[in-house]
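Encoded as structure tokens, the structure appears first; notes follow it.
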Amino acid sequence: MPLGNPGAVTEIYPKSDRLLVQVISIIRMNGRLRFSPTRLILLLVLCIILSAGLIAGYRALTYQALNELGVESRNRLTLFVSNLGGALAKYEHLPKLISSNPYVLDALLQRHSPQLDATNLYLESVADSSGASDVYLMDKAGLTIAASNWNLDRSFIGNNYSFRPYYQTAITGEAGRYFALGIQSQQRGYYFSYPVHSENKLVGVIVVKINLANIEAAWSDRGDDFIVTDDNGIVFLSTQADWTYKSIRKIESEKLEQILLSRQYRDQPVQRLDFIDIEDLGDAGSRVKLTHKPGSKAINYLHLKIPMPDAGWTVHILSKTKSVRSTVVLRASLAGFGLLIVLLLVTLYAVNRQRRLALQGSTELLEQRVQRRTRELENEVEERKKAEQTLRDTQAELIQAAKLAGLGQMSAGISHELNQPLTAIRNYSENAQRLLERKQVEAAVGNLEEISELTGRMASIISQLRGFSRKSSGDHSRVSIDQSVDQALSMFKREIESSEVGVLARIDPELSVTTDPLLLNQVLVNLISNAIQAMASVKARQIEINAGIRNSGIVISISDTGPGIPANVIENVFDPFFTTKEVGLGLGLGLSISYRIMESLGGKIEVTNSTAGGAHFELYLPNE
């Protein structure tokens, strides 16, 4: 049918097709364009809608890419903070152990050359074995009387460091922490200090200095920029050397004067980094601009940070957003190409429909469409099967990744658990050597027995970690509920003791179920970890674990005495990436993974708030 009269053409079409026919008729009228005012307005409206959609789509793609970058950056930042915290925890208790050594007490009380020489050698051996940069002893006045670097040109002996905050804290009877440039070495270091007592009298201060440059160097080639700032916002660790000793915010003149008096950064001038906030993105971080050198072009970054309150630091990650722009351009290009294809297909469909309606339809075309649709359905079925298999594989990998992430979060505790017996073994071995030299064989045997017991304790800890980190094979076996709960609790032995958490477990030793033991252990570990963290802000801390039989299945309940889950979010706790924890304490995947694990085991997990106020989780497993 000719299209010379589009008004007549539209009369024979259904209303749903008349708009398409109008658009086509604009282009195909006697081989040239003819625009009426109505068609011109219609075309203008379509262009405005299309432009607005493209702008909104571009912004949506940008924020999506920034959120994805934010998730990746937060994972890398969490790992960096974990490594940094582990490095500090390794030396946290070393000054206290040294303070009780007889060599240290003799040096402070007698001040004679033999005692001082012996103390210098002892401090040197401690520094060598622990990897500390320097270990030194000061008297009550702040004068250094012994040091591990006693035989070097930069020896601390004879220098007075009473102006240092770590000394001022320790001389009051408290353990001190401080980061500064060394007066003698001019090297950056982190200082741990501890008071030395003799017969309940404070007689001196012991200091351990460590060098964090190795961590800085190890992360300098990761693609992202990491900086660590003190409580004044001054950068003292950075993967960019030009940013060191500069501030990311304005510092009051009074505070600058205090920094100069303490000689924290010696005579280094504290300048301001050209650090400009552009946009707050919520959980994804914030967009900032930063100039590396004066006169150079500012670079856009995605900025995230995590505080380290124990050290008084804040750790930042700056990820360049150049990749975001590339990703958005690629996705926008693909979307535009897809839209062009859709428009082309719509146009072809309209032309084909016009001809088909004019010729009263074609059975052959109908058959072709049925065949094409059949092939599409077959392809969809095949793709769905592939997607389901990919989903199962991804869930298995995610469960294993959650185990490794859990081990990463417990790394500081694991380091402490292994560091204590290692330090004790060293002390016992030194004592046994001295006892053997004095022919006190019985006492030396006692020390060796203690060393044997400590090595057994370390082997038990490592065995538990190896068992927890194993990947599930998917095989089911008969599992003792009592033993599975004990294994999960053993992973948190130190946290339970240090947080003074009471554990009440009422489980029949004969109670068992056929299931995957590693997956069940993963769920129990997640729930116990959440319970311990939830009770951090309360005084009375107790976890109650019960197990029994219900409806031919096994029910395991875990309750805590924390604040519970707010009623307005309790329905969302099993959603991926949903969390009520503070930033840096979790990604919101633990309960989601536990929910999927219970489904895969043919069971379920439910949560309520107990009458006492804490969270109450119930696990149900069929007992076939």
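The values are calculated or read from the model by the stated rules, or taken from the named source; none is laboratory data. Computed from a prediction, not measured in an experiment: that's the story for all the values here. Note that each Cβ is placed from the backbone with ideal geometry, even for glycine, and that neighbours are counted across all protein chains shown. These accessible areas exclude ligands, DNA and RNA; they are computed on the full protein's heavy atoms, side chains included. Shrake-Rupley method; radii C 1.70, N 1.55, O 1.52, S 1.80 Å.
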Fill in: Computed Rg/Rh of region 112-162, alpha carbon atoms with Kirkwood Rh
0.95
Worksheet item: Using the heavy atoms of the protein chains alone and a 1.4 angstrom probe, what is the accessible area of region 64-165 per residue in square angstrom?
Response: 44
Item to complete: Can you tell me the dipole magnitude for region 74-173 around its Cα centre, using point charges on the Cβ only (Lys, Arg +1; Asp, Glu -1), in Debye to the nearest 20?
Response: 520
Worksheet item: Once amide H atoms are built 1.01 Å from N in the peptide plane, which residues 5 or more positions from Ile543, or in another chain, come under 5 Å H to H?
Response: Gly502, Val503, Leu504
Discussion item. Once neighbouring chains are kept in place and the probe is 1.4 Å, which whole percent of the accessible area of region 480-530 is contributed by carbon and sulfur?
Written reply: 45
Worksheet item: What residues qualify as long-range amide H neighbours of Val479, i.e. H under 5 Å apart, gap of 5 or more or another chain, H built at 1.01 Å from N?
Response: Val513, Thr514, Thr515
Item to complete: Tabulate in residue order the Karplus-calculated ³J(HN,Hα) for region 169-178, using 6.51 cos²θ - 1.76 cosθ + 1.60 with θ = phi - 60°, rounded to whole Hz; enter x for Gly and Pro.
Response: 6, 5, 6, 8, x, 10, 6, x, 9, 6
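Taking the highest mean first, how do the peptides 114-121, 45-52 order by number of other beta carbon atoms within 10 angstrom per residue? Walk me through the numbers on the way to the answer.
On the way: 114-121: 17.9, 45-52: 10.4.
The most tightly packed comes first, giving 114-121, 45-52.
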Fill in: Probe 1.4 Å, all protein chains present, accessible-area order of Met308, Met535, largest first
Met308, Met535
Response to the item:
Taking max minus min of the Cα coordinates of region 71-186 on each principal axis, largest first, gives extents in Å of 60, 29, 28
Discussion item. Relative contact order for region 510-577: what percent, with Cα pairs under 8 Å and sequence separation of 6 or more?
Written reply: 28
Discussion item. Could you compute how much accessible surface Lys246 exposes when probed at 1.4 Å, giving the result in Å² to the nearest 10?
Written reply: 40
